[in-house]
1. Taking helices (runs of 4 or more DSSP H) that fall entirely within the stretch 62-121, which contain at least 3 residues that are of a type outside the set (Val, Ile, Thr) and over 26 Å from Glu145 (Cβ atoms)?
2. Would you be able to tell me the number of residues in the stretch 28-46 that are in contact (Cβ under 8 Å) with a residue 60 or more places away in the chain and touching a helix residue (DSSP H, G or I) at 6+ places or on another chain (Cβ under 8 Å)?
3. Within the stretch 116-143, can you find the residues that are within 19 Å of Glu102 (Cα to Cα) and of a type in the set (A, V, I, L, M)?
4. Considering only residues that are assigned to a loop (DSSP other than H, G, I, E, B) and polar (S, T, N, Q), which ones fall in the stretch 128-148?
5. Which pairs have Cβ atoms under 9 Å, sit 6 or more apart or on different chains, and link a residue in the stretch 103-127 that is free of Cβ contacts under 8 Å to residues at least 12 places away in the same chain to one that is part of a helix (DSSP H, G or I) and charged (D, E, K, R)?
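Bear in mind that the values in this text are calculations on the coordinates, not laboratory data. Just so you know, these numbers come straight off a predicted model, no measurement behind them. Cβ coordinates were reconstructed from backbone atoms using ideal geometry, including for glycine residues, and neighbour counts include every protein chain displayed.
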Amino acid sequence: MVVNSKTYSQKPSEVKRRWILVDASTAPLGRVATTIAKYLIGKYKPAYTPHIDGGDYVVVINAKNFLATGDKEVAKKYYSHSGFPGGMREANLGEMRAKFPERVIEEAVKGMIPRNKLAAERLKRLRIFAGEEHSHTAQTPEKVEVTK
């Protein structure tokens with residue numbers, strides 16, 4: 001018996017994007033970042049196609065209250081370089097949380113998204129807010145729980 005079934009490939013015109021709300025204070029940073037990456041990529045959808053950007057918009061709240069396990073608050077380092085000789089800067093997770101809490105989550109999510117032509121567009125759909133308030137209430141994002 002031969003079944004004539006073909007592999008389905010989603011087209012860009014068929015992509016349906018939702019708005020997702022994630023609370024960063026409910027789980028450790030890595031768990032939150034993997035959940036965000038899953039929704040940005042759209043890999044949870046049945047019509048997932050690797051070469052089509054079918055992900056959703058993700059709004060993250062409470063970025064300053066994310067959880068860090070172990071001694072990561074002091075031991076985890078972030079590096080940046082100005083491009084000039086001696087321009088290397090180093091900050092630990094605690095300093096980054098105080099100055100740029102949004103950047104910590106953005107870097108964690110960026111590290112979990114595949115490095116390809118679709119990565120920049122996926123990261124543009126990520127909106128991070130340090131506090132409880134966000135400016136996307138008109139889009140009525142669906143709240144998603146992050147498993148611990």
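1. On the way: elements: 72-75, 93-99, 101-110.
Helices (runs of 4 or more DSSP H) meeting the threshold: 93-99.
2. 8
3. Ala119, Ala120, Leu123, Leu126, Ile128, Ala130, listed by residue number.
4. To start, the set of residues in the stretch 128-148 that are assigned to a loop (DSSP other than H, G, I, E, B) comprises 129-136, 140-141, 145-148.
Scanning the stretch 128-148 gives Ser135, Thr140, Thr147.
5. Filtered contacts from the stretch 103-127: Ala119/Lys110.
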